[in-house]
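Undergrad: Quick one: the structure is below, and I'll ask about it shortly.
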Amino acid sequence: MPFWKTISTDLVRVLAPIAILLVGFVGFFVLGAQTKDPAKEKAAKQAPLVKTIPVQLHRGTIDFEVDGQVVPAREVTLSVEVSGRIVKKDAKARAGRYVEEGTVLFEIDSRDYELESERLRRELGQANVNLQEIDVQISSTEELLKLAEDDLALQIRAVKRVADLAAKRAVSESDVDRAQRGELTARNAMLQQKNEVSLLKTRRSRLEHAKELAETQLERAQLNVERCQITAPFDGVIITDTVEEADYVRAGDSVLTIEDTSKVEIACNLQMDEIYWVWGQLPRGTTLPEDQATQLRYELPSTEVSAFYRLGGREYGWSGGLDRYDGLGLDEATRTVPCRIVVDNPGEVHVGEKPAEGVLWPLAVDGPRALVRGMYVRLVVEVETQEELLSLPERAIQPGNRVWIVRDGEDPSGSGKLRVLKEVTVEVVDAAHDRVLVRADSAGIVAGDVLVVSPLSNPFTDMSVREEAVQ
């Protein structure tokens, strides 16, 4: 190899490492001279963008839904109270017919009862005549008694005069005996008249009792005459009818069943969690009188309920109220609480969902005419809670009832504050209309906190994010 080539090769081997070192030193000083950290600036620019919504304080009711079945509020079986043949059956006395209170549905042959009533009326008249007679006898006897008393007084004075004369030996002893005998006769006559008055008064008392008995029997006979007409006890619809005209019925036989249509009830079952909120409607610390406190242990507070029935693609609604337990305790099979809801105006049918308070709920012009037995309805129970609750959008809730909130965090470089994620587990108490309610005292969040509602990819606590507020 020529000498000059050998020298060139050696120079390259020596100068190449030196050149590499120089380039490294230059790069180090250039990068050190930069005012910003490119990696951090890039990381800041790459912080994920999240959509957020502020947490709101809940104002209003807690609404939860259950299913229920409409049942009669009152259903009465009419039975005859007198025996006889049915002589008339009204055209409305048929199953499915609506009747008004007081409508005569059946008439039983009343001739026997009318005759008995007339007989007792005459017997009562005779009792009045007997009392008048005895009153006349008592009056006459009392007059005779007065005369007997006057006669006795005269005889007593006569005996005294004879006794005075006998003391002067002006009369004989036979005259004295005669005067005393006259006194005894007068006294005996007076006693007989007294006994007669007492006897007549006793007889009058017996006649008065006989009159009262006749009056009672007459009243019963007249009642039997009235019972020959069977009338509707209230406005309602006849469910069953079991007899026809010319049938013979005995006292106690049932003839029809009628259902009261002035109101209906809805049978439903509530979960214990739902009953908890119903119980909690009284303000905390409320003190009730002992009698009311005892009653409240076994009764439900007044609670508004809306019932909805879907028909023809539309929903029809009724207003009602949670009335009472259906019995006492939990159903052993379902571990739920049977309850009854009362709808006072089953014929007042509304259309659509119940609007906000103060807005008129429009009445339906089509669809069902009334809420009737057998309908399966959706119930919305509106509970006025006394607890402080927070309202969150449902899309912010992650599996396990977790939510991500955005709060201020420290920048590790010390150059300022960052917005970072914090994970919080909440206790959901109700969910409806794309919103959930959580307890304010156990959620770890407060009204005004910012919730993440957009999807996150592999989020972690203190992860830096950028925000975009949404409505």
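The values are calculated or read from the model by the stated rules, or taken from the named source; none is laboratory data. From a predicted model like this one, the values you see are computed outputs, not experimental measurements. With ideal geometry, Cβ positions are generated from the backbone for all residues, glycine too; neighbour counts draw on all protein chains shown.
Undergrad: Scan Arg94, Arg121 and give me the residue that is at pLDDT 90 or above, within 18 Å of Glu245 (Cβ to Cβ) and not hydroxyl-bearing (Ser, Thr, Tyr).
TA: Within the list Arg94, Arg121, the selection yields Arg94.
Undergrad: Regarding the range 342-357, can at least one residue be identified that is more than 19 Å from the chain's Cα centre (by Cα), more than 26 Å from Trp277 (Cα to Cα), crowded, with 17+ Cβ neighbours inside 10 Å and not β-branched (Val, Ile, Thr)?
TA: Checked against the condition, which is being more than 19 Å from the chain's Cα centre (by Cα), more than 26 Å from Trp277 (Cα to Cα), crowded, with 17+ Cβ neighbours inside 10 Å and not β-branched (Val, Ile, Thr), the range 342-357 yields at least one hit.
Undergrad: Give just the number: which of (1) at pLDDT 90 or above; (2) in a helix (DSSP H, G or I) does Ile238 not satisfy?
TA: (2)
Undergrad: Can I ask one more? Return the residue satisfying two criteria in turn: it lies in the range 59-80 and is surrounded by 15 or more Cβ atoms within 10 Å (Cβ to Cβ) and either over 32 Å from the mean Cα position of the chain (by Cα) or at pLDDT below 80 (or both), and of such residues it is nearest to Asp344 (Cα to Cα).
TA: Per the criteria, the residue is Thr61.
Undergrad: For Ser117, are the conditions met, namely being closer than 30 Å to Val237 by Cβ and surrounded by 14 or more Cβ atoms within 10 Å (Cβ to Cβ)?
TA: Against the criterion (closer than 30 Å to Val237 by Cβ and surrounded by 14 or more Cβ atoms within 10 Å (Cβ to Cβ)), Ser117 does not qualify.
Undergrad: Another question, if that's okay. Could you give me the residue pairs with C-beta distances under 8 Å whose first residue belongs to the range 305-323 and is over 13 Å from Asp67 (Cα atoms) and assigned by TED's automatic domain parsing to the domain that holds Ile275, whose second residue is crowded, with 19+ Cβ neighbours inside 10 Å and polar (S, T, N, Q) wherever it lies, and which are 6+ apart or on separate chains?
TA: Gly317/Ser306; Trp318/Ser306; Ser319/Ser306; Gly320/Ser306; Gly321/Thr303; Leu322/Thr303
Undergrad: Scan the range 445-471 for residues that are surrounded by 14 or more Cβ atoms within 10 Å (Cβ to Cβ) and closer than 13 Å to Val403 by Cβ and jot them down.
TA: Ile445, Asp449, Val450, Leu451, Val452, Val453, Ser454, Leu456, Pro459
Undergrad: While we're on this one: Among the residues of the range 130-188, which ones are surrounded by 15 or more Cβ atoms within 10 Å (Cβ to Cβ) and on the phi > 0 side of the Ramachandran plot?
TA: none
Undergrad: Evaluate the following for Val162: is it of a type in the set (Val, Ile, Thr), in contact with a helix residue (DSSP H, G or I) (Cβ under 9 Å, 6 or more places away or on another chain) and touching a residue at least 12 places away in the same chain (Cβ under 8 Å)?
TA: Judged against the criteria, Val162 is a match.
Undergrad: Within the range 316-329, restricting attention to residues that are at pLDDT 90 or above and either assigned to a loop (DSSP other than H, G, I, E, B) or among the acidic types (Asp, Glu) (or both), which residue is surrounded by the fewest Cβ atoms within 10 Å (Cβ to Cβ)?
TA: Asp326
Undergrad: Could I ask something else about it? Anything in the range 204-249 that is among the polar types (S, T, N, Q) and within 30 Å of Arg94 (Cα to Cα)? List them, or say none.
TA: Gln222, Asn224, Gln229, Thr231, Thr240, Thr242, listed by residue number.
Undergrad: Identify the single condition in (1) modelled with pLDDT under 90; (2) closer than 17 Å to Gly68 by Cα that Val359 does not satisfy, given that it satisfies every other one.
TA: (2)
Undergrad: Tally the residues that are modelled with pLDDT under 80 and touching a helix residue (DSSP H, G or I) at 6+ places or on another chain (Cβ under 9 Å), restricting the search to the range 386-403.
TA: 1
Undergrad: Of the residues that sit in the range 296-315 and are among the acidic types (Asp, Glu) and more than 14 Å from Asp344 (Cα to Cα), which one is surrounded by the most Cβ atoms within 10 Å (Cβ to Cβ)?
TA: Glu315
Undergrad: Taking the options Val429, Val406, name whichever one is modelled with pLDDT of 80 or more and part of a strand (DSSP E or B).
TA: Of the residues listed, the single one that is modelled with pLDDT of 80 or more and part of a strand (DSSP E or B) is Val406.
Undergrad: If you don't mind, there's one more thing I want to ask. Looking at the range 34-58 only, could you name the residues that are modelled with pLDDT of 55 or more and surrounded by 10 or more Cβ atoms within 10 Å (Cβ to Cβ)?
TA: Result: Ala47, Pro48, Val50, Lys51, Thr52, Ile53, Pro54, Val55, Gln56, Leu57, His58.
Undergrad: Right, another one. Out of Asp344, Asp273, Asp247, report the one residue that is charged (D, E, K, R), touching a strand residue (DSSP E or B) at 6+ places or on another chain (Cβ under 6 Å) and either modelled with pLDDT of 90 or more or more than 22 Å from Val372 (Cα to Cα) (or both).
TA: Within the list Asp344, Asp273, Asp247, the selection yields Asp247.
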